[in-house]
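Here is the structure we will look at.
The values are calculated or read from the model by the stated rules, or taken from the named source; none is laboratory data. Remember, it's a predicted structure, so these values are computed and weren't measured experimentally. Cβ coordinates were reconstructed from backbone atoms using ideal geometry, including for glycine residues, and neighbour counts include every protein chain displayed. Heads up: the accessible areas ignore ligands, DNA and RNA and are worked out on the full protein's heavy atoms, side chains in. Shrake-Rupley method; radii C 1.70, N 1.55, O 1.52, S 1.80 Å.
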Amino acid sequence: MTTAPLNDLEISGLRVTFDGFTAVDGVSLRVGPGDLRFLIGPNGAGKTTLVDAVTGLAPATGSVRFGPEELLGRPVHRIARLGIGRTFQTATVFEQLTVLQNLDIAAGAGRGPHTLLRRRRGIPDEVARALDAVGLTAVRDRPAGTLAHGQKQWLEIGMLLVQDVQLMLLDEPVAGMSHEEREHTGQLLRRIGRDRTIVVIEHDMDFMRTFATSVTVLHAGRVLSEGTVAEVRADPRVQEVYLGETAAPAGAEVEA
Amino acid sequence: MTDFLHRRRAPAGYALAAVLLFALAPLLLSDFRLGQFARYLCIAIVAVGIALAWGRGGMLVLGQGLFFGVGGYAMAMHMKLADAGPGGLPDFMLLYGTADALPWWWEPFRSPAVALAAVLLLPMGLAAVIGWFVFRRRVRGAYFAILSQALAAAFAILLIGQQATTGGSNGLTDFQGFFGYSLLDPVNRRTVYFVIAATLLALMLLTRQIFHSRYGELLVAVRDAEERVRFLGYDPALVKLAAYVASAGMAGVAGALFVPAVGIISPALIGIVPSIQFVIGAAIGGRASVVGVVLGAIAVAWAQTVLSEEFPSAWTYFQGGLFVVVIAFLPGGIASLWQLATRRRARTEAVTAA
């Protein structure tokens, strides 16, 4: 589907400071194409802040490169146009617009005034494909505000698909989902992750174990451990952090 | 069948509106009342712009008087110069005796083409400059409303202060002709009414088209979740700017048509109070509906005429009360009553079917 060369996300020495509090403290990490990277860590570890910095929402120092492009210092919408998309902890869709309209808007950042000022006729191909991929074809004419929680998350992922992003940053995509919905989401991420780079922030350890190809553990704004699921679980520092924080083993579900 | 009715409803409505405006109103209303009606329609044109910027775009434009005034003064300056004849000075300048030569910025308005272009381009250009700074800095909500209102107030104060070149608080008045036609002739005044009615209908159709376009959907998205739109690769500042500039253009055209219809433009007609009144009409009619804002604007302007003739001191309270009631209990305005009714009917049908 995409012909653009696949790029690495390369973060080095990233620091984010709010009023003297350092939320991300010198993080360096590299995520390659086709990777399904999970970003885990206790609350306040700086996971969401990291994603905020990459997508231009939080001012940061250091360097974030996606392929040849330096991202830091660019406004949010310019970073989005480089093929980087994200979702939020609470699904943010345009509630008064239909599913179809939501996806059509996501597809249209490059449209000129001539197209914008006319009515949509039919369903653009990429929108139809995304509807199919996330399984929302049957509800495409419903206002997004009436969707179930899980469907909203899928709609957000669908919006990233029509945006044709190369790098997807998903912030707790399965929070609040049923077991079947999690399974469905995981399979979806696997399918669409073949020609994209996906970074998932997640607290659900079962979900991580099943679908992660690699894991980065953040703690207090730093990278604590990195590797495959097995490597990370065997790391005594990770066990210590999770035991100390929640009195539960790293394998158990930490933080609902 | 219902789908067919639904698709045919809008064209039928506009055809009915055209009959009302072009046949019934001139037939039934006296020349005096028709002149008043022309004034209401000018306010309705401003309201159409408010539906776009506020109803769809979420920008509470409390200072449309600024653009209304710029358009109105541009037209009034041309009409004054046309009345004065080639090389002549407007009567008020001779009266006050302060200006012995025409100020340089009056000169271009001798040309009808320049004046007509200025009616549209000056308000839009001004809105583009204001909007560029305001939306880039992410000023919104109440701050935007207060800022836009302050600009309208500042413009009115500026005009009052420049008595010698703007007519001060008296404004510009006593117009004899409109592009070569005498305004003393009732037939020509009637023609002015028709021009206004046609402009209103055309702008309603244009705005309706914008509402149903992809841009209209995008504008709703920006109104409801501006930050989210940024992550899709759009600059929301530009999306809002376009709607704001278009609404300013409509206010400018309305101001320009107001001058030949009513025969005056003055700071009192463009300051804070009229700016708020533009918004009240739109709010009461239903800010997100083109037909709603037009009916609301006409109804409020008409009620103002009638009630302020009967109870001069009570009108302001009545208007304020009406505004509060609508905002508190019917945020979608009168237009939403229709939607409420259809939704209730649909629910009843669903219950019957089940």
Test: B:D235 is farther than 22 Å from B:V46 by Cα, within 14 Å of chain A (Cβ to nearest Cβ) and either over 21 Å from the mean Cα position of the chain (by Cα) or open to solvent by 20 Å² or more (accessible area, probe 1.4 Å) (or both): yes
Lone unmet requirement of (1) within 12 Å of chain B (Cβ to nearest Cβ); (2) open to solvent by less than 10 Å² (accessible area, probe 1.4 Å); (3) assigned to a loop (DSSP other than H, G, I, E, B) for A:P173: (1)
Failed condition for B:A38, given (1) open to solvent by 10 Å² or more (accessible area, probe 1.4 Å); (2) out of contact with any Gly (no Cβ under 8 Å at 6 or more places or on another chain); (3) modelled with pLDDT of 95 or more: (1)
Of all residues making up region B:47-81, the number that are within 14 Å of the chain's Cα centre (by Cα) and either in a helix (DSSP H, G or I) or basic (K, R) (or both): 18
Residue selected from region B:264-282 under the condition over 16 Å from B:A251 (Cβ atoms) and aliphatic (A, V, I, L, M), by the criterion most open to solvent (accessible area, probe 1.4 Å): B:A268
Identity of the residue in region B:238-249, within 16 Å of the chain's Cα centre (by Cα) and open to solvent by 10 Å² or more (accessible area, probe 1.4 Å), that ends up nearest to the other protein chains (Cβ to nearest Cβ): B:A246
The one condition in (1) within 10 Å of chain B (Cβ to nearest Cβ); (2) in contact with a Leu (Cβ under 7 Å, 6 or more places away or on another chain); (3) surrounded by fewer than 23 Cβ atoms within 10 Å (Cβ to Cβ); (4) among the hydroxyl-bearing types (S, T, Y) that A:T137 fails to fulfil: (1)
Tabulated pairs, region A:229-241, first acidic (D, E), second open to solvent by less than 20 Å² (accessible area, probe 1.4 Å) and at pLDDT 90 or above, C-beta under 7 angstrom, 6+ apart or interchain: A:D235/A:S225
Residue tally, condition touching a Ser or Thr at 6+ places or on another chain (Cβ under 9 Å) and not in a strand (DSSP E or B), over region A:191-219: 7
Test: B:R190 is within 20 Å of the chain's Cα centre (by Cα), more than 30 Å from B:A154 (Cα to Cα) and of a type outside the set (A, V, I, L, M): no
Subset of region A:184-224 (residues that are of a type in the set (G, A, S) and open to solvent by 10 Å² or more (accessible area, probe 1.4 Å)): A:A212, A:S214, A:A220
B:L183 under 22 Å from the mean Cα position of the chain (by Cα) and among the aliphatic types (A, V, I, L, M): no
